[in-house]
Amino acid sequence: MYFFVCSLAVADMLVSVSNAWETIVIHLLANRSLVIEDHFIRQMDNIFDSFICISVVASMWSLLAIAVDRYVTIFYALRYHNIMTVWRAGILIGSIWIFSTGCGIIFIIYSDTKPVVVCLVAMFFSMLLLMASLYSHMFLLARSHVKRMAALPGYNANIRQRASMKGAITLTILLGIFIVCWAPFFLHLILMISCPR
């Protein structure tokens with residue numbers, strides 16, 4: 001699990017660093033502190049945009065990997081360490097970054113076409129749906145487990161309510177943060193498609 005969290009942290013750090021460098025370069029160009037030919041400026045912009053795309057895709061896939069890891073932890077608790085080995089986690093993280101890099105390169109090559117942007121938006125909604133499904137299934141399992149425990153003699157009903165609320169709050173926070181963090185970016189992409197220039 002911690003490997004996937006580290007992958008997510010690296011992806012989020014990459015988007016921050018890429019945006020910071022792009023802002024610095026734009027500021028230097030605007031103040032004429034940096035004089036560069038136009039074709040080189042376009043290449044630099046493509047590189048920054050590529051890093052941003054790589055980090056966005058890696059971040060989304062890392063969040064999904066965390067959700068899958070939690071799912072395996074809950075539903076296959078006794079076999080978790082056999083299923084999710086360090087080797088498999090490394091392969092999964094490597095695959096995420098290779099796929100994300102490929103997406104970043106494709107995004108730059110075909111950045112002027114709508115299908116690339118549509119693909120990114122579709123990926124966002126797919127990730128959202130998959131994560132919502134996984135976390136909802138985990139929440140329902142936890143709730144049924146609490147109900148079974150409530151049937152046991154001496155079980156306190158207040159504990160049941162608190163456990164159920166805690167699960168619902170956790171689910172809401174996880175999906176809410178994902179939506180709040182990425183929705184503005186994807187809203188921008190949707191507006192780019194629907195309201196061209």
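General observations
- Restricted to the stretch 1-106, the set of helices (runs of 4 or more DSSP H) holding at least 1 residues that are touching a residue at least 24 places away in the same chain (Cβ under 8 Å) and surrounded by fewer than 18 Cβ atoms within 10 Å (Cβ to Cβ) comprises 2-30, 38-75.
- Of the residues making up the stretch 141-154, none is within 30 Å of SER55 (Cα to Cα), under 30 Å from the mean Cα position of the chain (by Cα), of a type outside the set (A, V, I, L, M) and modelled with pLDDT of 80 or more.
- For the stretch 176-197, residues that are over 24 Å from MET131 (Cβ atoms) and touching a helix residue (DSSP H, G or I) at 6+ places or on another chain (Cβ under 8 Å) total 1.
- Residue in the stretch 146-160 that is touching a helix residue (DSSP H, G or I) at 6+ places or on another chain (Cβ under 8 Å), farther than 22 Å from PHE178 by Cβ, loosely packed, with under 12 Cβ neighbours inside 10 Å and not charged (D, E, K, R) present: yes
- Every pair of residues 6+ apart whose Cβ atoms lie under 7 Å, when the first sits in the stretch 117-138 and is within 25 Å of ILE52 (Cα to Cα) and surrounded by 15 or more Cβ atoms within 10 Å (Cβ to Cβ) while the second is modelled with pLDDT of 90 or more and of a type in the set (Lys, Arg): none
The values are calculated or read from the model by the stated rules, or taken from the named source; none is laboratory data. Because the structure is a prediction, the values reported are computed rather than measured. Glycine also receives a Cβ, built like all others from the backbone with ideal geometry; neighbour counts cover every protein chain displayed.
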